[in-house]
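Below is one structure, written out as structure tokens; the observations come after it.
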Amino acid sequence: MTRPPFAATPLLLVLAVLAAVAALAAAAASGPGGFVVTGRVYCDPCRAGFETNVSSSIPGSTVSVECRHFGGGPERLKAEATTDERGWYKVEIDQDHQEEICEAVLVKSGDPKCSETEQFRDRSRVPLTSNNGLKQNGVRYANPIAFFRKEPLADCGFILQKYDLKDAPETP
């Protein structure tokens, strides 16, 4: 006995409705203004200000995302995360910060031998607003930020010569 073609229609209709409800629930969960800030922390053993072939990721470091109003004033957001075994962190932010400056900031190094920071080099700006033309589905990538060794490695001069920095400005 053969079934008429319309017999499967209620089942397909139920599956389509369930799929639509699941899609709406997923969209509501991520919601407007929800962001994930991700980036990497590394050790700059030559104090070069950029990654070199002797730089390494630092697991176990603490990074915070801090937001404050453009005109200054108190912090409006501070959320922290710890880097994984490859030096990457993820911080979930649940709202839009269009009127604020947000930065990923180094807090604590996971490597005591590489734990110094320098003002203005210990942070990376991150736009936490949906009103900026970026199509990244709520993911914001911060530039890598570094801790420095107190004393550079002995062979840093030789290492940095390989980078042909003759035209580079002096370190600030």
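Read the figures in this text as sums done on the coordinates, not as results from a lab. Quick caveat: nothing in here was measured; it's all calculated off a predicted structure. Backbone-built Cβ (ideal geometry, glycine too); neighbour counts: all protein chains shown.
Observations, loosely collected:
- DSSP beta bridges in segment 33-161 [antiparallel fraction, %, rounded to 5]: 80
- Interchain or long-range residues, amide H under 5 Å from Gln95's placed H: Phe35
- Translational diffusion coefficient of segment 35-172 (Stokes-Einstein, Kirkwood radius from Cα pairs, 20 °C, 1.002 mPa s): 134 µm²/s.
- Each label was represented as a point 7 Å from its Cα along the Cα-to-Cβ direction; for Lys162 and Phe50 these points are 1.5 nm apart.
- Per-residue ³J(HN,Hα) for segment 73-90, Karplus 6.51 cos²θ - 1.76 cosθ + 1.60, θ = phi - 60°, Hz, x for Gly and Pro: x, x, 5, 9, 8, 8, 10, 10, 8, 10, 6, 7, 5, 9, x, 8, 10, 9
- Links that overshoot a 26 Å alpha carbon limit, given the list Lys90/Lys113; Lys78/Lys108; Lys108/Lys162: Lys108/Lys162
- Karplus-derived 3J(HN,Hα) values for segment 66-71, using 6.51 cos²θ - 1.76 cosθ + 1.60 with θ = phi - 60°, are 10, 10, 9, 5, 3, x Hz; glycine and proline are entered as x.
- Subtracting the Cα-Cα distance of Asp94 and Ala154 from their residue separation scaled by 0.36 nm leaves 17.1 nm.
- With both labels modelled 7 Å from their Cα along Cα-to-Cβ, the Asn137 to Glu116 distance reads 4.2 nm.
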